[in-house]
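For reference, the structure is listed below as structure tokens.
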Amino acid sequence: NTAAAKPGPAGPAAPATAATAPATPQIQLIPATPDGALDAAEEAVDLLLDSGRTPGDVLVITTGDAHPWAAHELSFGDTAYWAQHDAGDDVFYADAAVADRAASRAVVVVALNGGPEAAAVTALAVAHSRAGALLIVCGDPQRINSVLGASV
């Protein structure tokens, strides 16, 4: 009976994982300067929503300054900010430093809008692991390629 119990919990997890996330998300690179990366990410989000993605499908990660939405929501406190994430009904914006706390979403958009190289490496590694179908990276193509080569 003990042997039968062990496969039980593992059994349902495997199909759920396979069904919710393909092995590798499609990666799309959008060339942008650090100053323009956030605008490029916003345009990507707008296109995703216009093409039928629901807001809850999208996670945006920044490597430099926080997205204005994140900065505003964090002004109400950490608990309220993460409650918005947990609700899962809107686009969620997170800094690379806390992105590992975010749940997987169908689409993850990364804005390489400055910050240290370590933030870019962290953001891309987390984004790659959280993106179910599509990973969009906005930034300097040379930086993206060097970081992607190092992290995935």
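Amide H to amide H distances under 5 Å link TYR93 with VAL60, where only residues 5 or more positions off or on other chains count and H is placed in the peptide plane.
Just so you know, the Cα atoms of the range 26-119 work out to an Rg and Dmax of 12.7, 35 Å. Cα centroid separation, the range 43-66 to the range 84-116: 9 Å.
Between GLU43 and LEU74, the simple label model (points 7 Å from Cα in the Cβ direction) yields a spacing of 2.6 nm.
Bear in mind that the values in this text are calculations on the coordinates, not laboratory data. These numbers were taken from a predicted model, which means no experiment stands behind them. Cβ: placed from backbone, ideal geometry, glycine included. Neighbour counts: every protein chain shown.
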